[in-house]
Amino acid sequence: MRILVIEDEPKVARTLVKGLEADHFAVDLAGDGEEGLQLATEIDYDGIILDWNLPKLDGLTVLRKLRKSGSNMRILLLSARKDVSDRVCGLQAGADDYLVKPFSFEELLARVHALLRRPQELLDKLSVEDLELDRMRHMVTRGGKPINLTQREYAVLEYLMRNAGRTVTRTMVVEHVWNLGFEGLTNIVDVYINYLRAKIDHGYEKPLIHTARGVGYMLSSASQ
Ligand code: CA
C-alpha cells in the first residue's frame with residue numbers, strides 16, 4: 001500500500017514517514033499543498049494523510065480540488081483545529097476521517113488501517129468466527145444463538161466487526177457511534193465494551209473482544 005503524507009512540519013512529517021514505513025507502507029512526502037496536489041494527481045495512492053495548515057495551498061483546498069477532479073482516494077485530514085464545526089467542515093469538503101493534533105502515532109495508524117478497509121462497510125453480513133451480524137435484519141447471533149443488543153451496543157459491535165482484526169481506538173468508536181459532542185468522553189466506550197463482553201463473550205470458550213492496552217479494542221478470532 002502506498003501512502004502520501006502532505007505535511008510541512010518536519011518533526012510531524014518525520015514521525016509519520018518513519019512510523020508508516022515501519023508498518024510496511026510505501027510512503028511519499030510532500031512539504032506543501034501544491035506539491036501534494038501534484039503528486040496526488042499523478043499517482044494512484046491508497047491513502048493520503050493531509051495536513052490542513054500548509055504553505056502554498058492549504059489542505060482544505062487540496063482536498064476540494066482532489067474531490068472536484070473525481071478522486072476517491074481515502075483521505076485523513078490532520079488539524080490542530082479541534083472544534084466540531086471544523087471537523088464537520090473537513091468532512092464536508094470530502095475527508096474520510098479527521099484527526100486532531102497532537103495525536104499519538106497509534107491513534108493515527110489505527111485510523112489509517114480502518115480507512116483502507118472501508119469496503120467492509122458495504123457488506124450486508126459481517127462475521128468473525130461464530131459471531132454474525134446481519135445488517136439487513138439488524139440481528140446478531142453467536143453460534144447460531146440470537147443475542148439481544150441495545151441499539152448502542154449493536155452500533156459499537158458493528159463498528160468493531162467492520163474493523164475486525166484491527167485495533168480501533170476509543171476515540172474512533174466514539175466518533176462513529178456517538179455524535180461529535182461526545183468527544184473526550186471515551187470512558188463510555190469501556191462501559192459498552194463491558195456490556196458487549198457480557199453478552200457476546202461470556203460463557204463462550206473463545207473470547208472475541210480483545211483489549212489493546214493503552215490504545216483501544218480489537219474484535220478478532222485470534223487469541224491474544
Ligand atoms: Ca502544518
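The values are calculated or read from the model by the stated rules, or taken from the named source; none is laboratory data. Owing to the predicted nature of the structure, the values given are computational and were not obtained by experimental measurement. Note that each Cβ is placed from the backbone with ideal geometry, even for glycine, and that neighbours are counted across all protein chains shown. Protein only, heavy atoms only, side chains kept; ligands, DNA and RNA dropped before computing areas. Shrake-Rupley method; radii C 1.70, N 1.55, O 1.52, S 1.80 Å.
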Does the stretch 40-58 contain any residue that is touching a residue at least 24 places away in the same chain (Cβ under 8 Å), open to solvent by 90 Å² or more (accessible area, probe 1.4 Å), within 14 Å of the ligand (Cβ to nearest atom) and not small (Gly, Ala, Ser)?
yes
If Thr15 passes every condition in (1) over 17 Å from the mean Cα position of the chain (by Cα); (2) away from the ligand (no atom under 15 Å from the Cβ); (3) not in a loop (DSSP other than H, G, I, E, B) but one, which one does it miss?
(2)
Qualifying residue in the stretch 193-212 (condition: closer than 24 Å to Arg87 by Cα and either assigned to a loop (DSSP other than H, G, I, E, B) or touching a Phe, Trp or Tyr at 6+ places or on another chain (Cβ under 9 Å) (or both)):
no
Hey, Pro102 hits all of (1) within 25 Å of Leu63 (Cβ to Cβ); (2) in a helix (DSSP H, G or I); (3) modelled with pLDDT of 85 or more but one; which does it fall short on?
(2)
What do you reckon, is Leu20 away from the ligand (no atom under 16 Å from the Cβ), under 29 Å from Thr211 (Cα atoms), within 21 Å of the chain's Cα centre (by Cα) and buried (at least 19 other Cβ atoms within 10 Å of the Cβ)?
yes
Looking for something of a type in the set (Lys, Arg), surrounded by 20 or more Cβ atoms within 10 Å (Cβ to Cβ) and within 24 Å of Thr211 (Cα to Cα) - is there at least one such residue anywhere in the stretch 103-115?
yes
Report, ordered by the first and then the second residue, all pairs with beta carbons closer than 8 Å, sequence separation of six or more or different chains, a first member in the stretch 15-32 that is assigned by TED's automatic domain parsing to the domain that holds Ser104, and a second member that is hydroxyl-bearing (Ser, Thr, Tyr).
Asp28/Tyr45
State all residues of the stretch 1-12 that are away from the ligand (no atom under 16 Å from the Cβ) and open to solvent by less than 40 Å² (accessible area, probe 1.4 Å); if no residue qualifies, say none.
Ile3
